Amino acid sequence: MSDTYNIDDGEAVEPEVLTLPLDAWHRARGGRMVEFAGYWMPVQYEGIIAEHNWTRTHAGLFDVSHMGQLYVAGEGVEAALEALLPIDLSTLKPYGPRYSLLLDEQGGILDDLMVTRWTSGFYLVVNGATKWDDIGHLREHLPDEITLTLMEDSALFALQGPKAFTALERVVTGEYPLSTLTFMKGGQFKLGGHDVWISRSGYTGEDGFEISLPAEAAAEIADLLCAQEEVRPIGLGARDSLRLEAGLPLYGHDLTSETSPIEAGLTFGINRRRRSEGGFLGAERVLRDLAEGTSRTRVGLTLEGRQAAREGAAVFAGNQQVGVLTSGGFSPTLERPIAMAYVAAEHSAPCTALEIEVRGKRLPARVTALPFVPHRYHR
């Protein structure tokens, strides 16, 4: 759900907070519920650090059903999507997810998303906080003959961690073994007798899987997965600290409509043919940034001491402000504070010494190559 308000009789009405298919399941297991992206979602169960460390060493089950699952199909759908996304769909093999970006006319990022070629169309997963705006943007720009379906009857789980494969393989069946899926590959399987879509992907930096499943079977499948000794339910808090350690940007924080893909370090999301040909919404700015560079760039920062800095903190080089933090927190894995920021390009080289202002105090920091914690994808 978007952050906008409905208008009723001339007065602003706060939008209703929605519930996920697993709402009662989370509460029964002690999940502390908070409002996030228009939904009640569990921020933690036993504690953020414990859940973070469990995912790094075992397997964590994340309920990400708030995200938008879209199916786009119709005659000419490939060309229609290429007019909006800087992706080369001709190189996208069936059932192989790929990262892409939804851009506005000025080349600003409206959302980041995953695109998968299914049998006769494309499966898109967009962020929960932006999905209604994304749907409106897509519907506005797609030709009338293209159908856009929000898969409201589907839930979405992420099973992440070094033991995710061991746990999932034990309970999944299909025409081919789960082991045939390497990073960014997917396929149709059965889980608890239900048809599910599984891709080997995720947003923690760990090996893992994303599972699209019937919403009506969400509690049954969550019980089945958490019955495996390797798996525990994990909340939003650890999901955020895990993705920060992995150096992965979060939309609405590290990515906004004021951000270009090039300054965000997401050039890999713009395929080679599209870099030379353009032809997508926002291409003029993107191609200019590619050719000329940008005045600022997204970097990682490691802080001295134990005090963490948060989003919005100013970054200084001497007496000059050269940037602003977009994400920050304490890294349970590294046992030190880390952050991501946009800083002036001339101060973005690794090992550059900077300072972050927190409550009137300057904290020493140093530019650090991303990710902070190495990715462990199964390639």
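Every number in this text was worked out from the coordinates using simple rules, so none of it is lab data. Just so we're clear, the structure is a prediction, and the values are computed from it rather than from any experiment. Quick reminder, even Gly has a Cβ in these numbers, built from the backbone with ideal geometry, and neighbours come from all protein chains shown.
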*Once you have the Kirkwood Rh of segment 55-142 from its Cα pairs, apply Stokes-Einstein at 37 °C and 0.692 mPa s and quote D in µm²/s.*
236
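Where does segment 15-64 land on Rg/Rh, using Cα atoms and the Kirkwood Rh? Before the final figure, lay out the partial values.
Working: Rg = 11.6 Å, Rh = 11.6 Å.
Answer for segment 15-64: 1.00.
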*To the nearest Å, what is the center-to-center distance of segment 319-366 and segment 93-169, using C-alpha atoms only?*
32
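Could you put Cys226, Cys351 in order, starting from the residue whose Cβ has the fewest other Cβ atoms within 10 Å? Let's see the in-between values first.
Details: Cys226 17, Cys351 8.
Lowest to highest Cβ neighbour count: Cys351, Cys226.
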*Rough spin-label spacing in nm, given labels placed 7 Å along Cα→Cβ, for Met151 and Ala349*: 4.7
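Can you give the charge dipole size of segment 308-370 about its Cα centre, rounded to the nearest 20 debye, using +1 on the beta carbon of Lys and Arg and -1 on the beta carbon of Asp and Glu? Don't skip to the answer; put the middle values down first.
Details: 6 positive and 5 negative charges, 37 e Å.
Taking the Cα centre of segment 308-370 as origin, the dipole is about 180 debye.
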_Exposure proxy ranking, count of Cβ atoms within 10 Å, fewest first, for Lys163, Lys185_ = Lys185, Lys163
_Long-range HN-HN contacts of Leu18 with modeled amide H, under 5 Å_ = Tyr39, Trp40
_Can you say what percent of the DSSP beta bridges in the chain, counting only those with both residues inside, are antiparallel? Round to 5._
90
*Whole-Å semi-axes of segment 44-88's equivalent ellipsoid (Cα gyration tensor)*: 39, 12, 9
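Normalised by the empirical 2.2 N^0.38 Å for globular proteins, what value does the Cα Rg of segment 276-379 take? If you can, show how the numbers build up before the last one.
Numbers: Rg = 15.8 Å, N = 104, 2.2 N^0.38 = 12.8 Å.
Scaled against compact globular proteins, the figure is 1.23.
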_Using 10 Å bins from zero, what percent of all Cα-Cα pairs in segment 171-222 falls into each bin?_
26, 54, 21
*Given (i) 35, 23, 19; (ii) 36, 27, 17; (iii) 31, 27, 21, which label gives semi-axes √(5λ) of the Cα gyration tensor in Å as computed from the coordinates?*
(iii)
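Using only alpha carbons, build the gyration tensor for segment 195-282 and give me the equivalent ellipsoid semi-axes, biggest first, whole Å.
On the way: eigenvalues 215, 61, 29 Å².
They are 33, 17, 12 Å, listed largest first.
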_Extreme residue, positive dipole direction of segment 177-331, given options Met184, Gly293, Ala217 (C-beta unit charges)_ = Gly293
*State the three equivalent ellipsoid semi-axes of segment 87-182, derived from the C-alpha gyration tensor as the square roots of 5 times its eigenvalues, in descending order and whole Å.*
29, 16, 14
*Per-residue HN-Hα couplings for segment 67-73, Karplus 6.51 cos²θ - 1.76 cosθ + 1.60 at θ = phi - 60°, whole Hz, x for Gly and Pro?*
5, x, 9, 10, 10, 10, 8
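Packing-wise, with mean Cβ within 10 Å as the measure, how do 245-256, 60-71, 279-290 rank, highest first?
Numbers: 245-256: 19.7, 60-71: 22.7, 279-290: 17.7.
Ranked by mean Cβ neighbours within 10 Å, highest first: 60-71, 245-256, 279-290.
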*What share of all Cα pairs of segment 21-104, in percent, falls into each consecutive 5 Å distance bin?*
3, 10, 16, 16, 12, 11, 13, 12, 7, 1
*In Hz, Karplus ³J(HN,Hα) per residue of segment 318-325 (6.51, -1.76, 1.60; θ = phi - 60°; x = Gly, Pro)*: x, 8, 9, 6, 10, x, 8, 6
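Would you order Ile87, Ile234 from fewest to most other beta-carbon atoms within 10 Å of each residue's own beta-carbon? Walk me through the numbers before you get to the answer.
Numbers: Ile87 23, Ile234 30.
Lowest count first: Ile87, Ile234.
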_Could you check the spin-label model distance between Arg32 and Ala219? Points 7 Å from the Cα along Cα→Cβ, value in nm._
2.5
*Could you tell me which of rounded, prolate or oblate describes segment 1-159, using a ≥ b ≥ c as the square roots of the eigenvalues of the alpha-carbon gyration tensor, with rounded for a/c under 1.5 and, failing that, prolate when a/b is larger than b/c and oblate otherwise?*
oblate
